[in-house]
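So the structure is just underneath, and the comments pick up after that.
The values are calculated or read from the model by the stated rules, or taken from the named source; none is laboratory data. Since the structure is predicted, the reported quantities are computational estimates derived from the model, not experimental observations. All accessible areas refer to the heavy atoms of the entire protein, side chains included, with ligands and DNA or RNA removed. Shrake-Rupley method; radii C 1.70, N 1.55, O 1.52, S 1.80 Å.
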Amino acid sequence: MTQDQETAEFMAAGPDNGAAPVAGEDPAMSRILRRETHSSRAGAAVIAAVLVIILCVYALLEAGVRAVGQPPWLVDPTTAAERIIALPGGISSLLLGASGAVIAMAGLFFLLHAVLPGRRARHLLRDPRTAVVVDDEVLASALARRARMAANVTQEQVMVVVSRQTVVVNVRPTSGSRVSHDAVLAAVQAELEEMSPVPMPTVRVNLASSGVIGA
């Protein structure tokens, strides 16, 4: 079944289960939504495959050159194996340390790509008809507008940071004006409840101790 067919089936089914579903709970859409909310591992897999292929092809070519009695292109396989077995002898400490650091960084790169979930900065939204994926920046913009209205401040005085589990609202009040922490918190929470992101993040409001003059 193609992606378009899966999407068409999901939209045609409609909200026949009663309450509005969480986007992605339908099995037909889970694979598509995972692709939208998680970064692809294809790049790292291709890099690893290319490196292994190059190494194998080079070893094969060096073995073939040795078999026909020609001098090696770079290093004879037997000589290379002997040098590897003799490590760390025959090589300077600086070069050995640099080589080890490069190999360790490459290994860490592939290890992290393998074990980390690779989630993108996106949330799913509840919708009875289709699956909705929204960037965290869009959520932050909407929440900042709501917080700005509740605090009665300008756009430059509010900064919202949205992560998977937390929404942090930073507000710098205008000097001489009092901003209600509870009012801003309630406004942001109400906006989140209307959008119903999945997973639902918790809200934390920080009011700056120093105000903005002339805002």
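Miscellaneous remarks
- Where Thr79, Thr202 fall by accessible area, highest first, once all protein chains stay in place (1.4 Å): Thr202, Thr79
- Rolling a 1.4 Å probe over the heavy atoms of the protein chains gives region 125-207 an accessible area of 55 Å² per residue.
- Rounded Å value of the spacing that divides the Cα centres of region 95-109 and region 130-163: 42 Å
- Residues with amide H under 5 Å from that of Val203, placed H, sequence gap 5 or more: Val167
- The fraction of accessible area contributed by carbon and sulfur in region 42-115 is 79 percent, rounded to a whole number (1.4 Å probe; ligands and nucleic acids excluded).
- Projecting the alpha carbon convex hull of region 42-115 along each direction and taking the average yields 6.2 nm².
- Working note: Karplus 6.51/-1.76/1.60 with θ = phi - 60° gives region 192-202 the couplings 5, 5, 5, 7, 6, x, 10, x, 6, x, 7 Hz, where Gly and Pro are set to x.
- Amide H contacts of Arg122 (H built 1.01 Å from N, under 5 Å, at least 5 apart or other chain): Asp136
- Centre-to-centre separation between the Cα atoms of region 191-206 and those of region 45-94: 55 Å.
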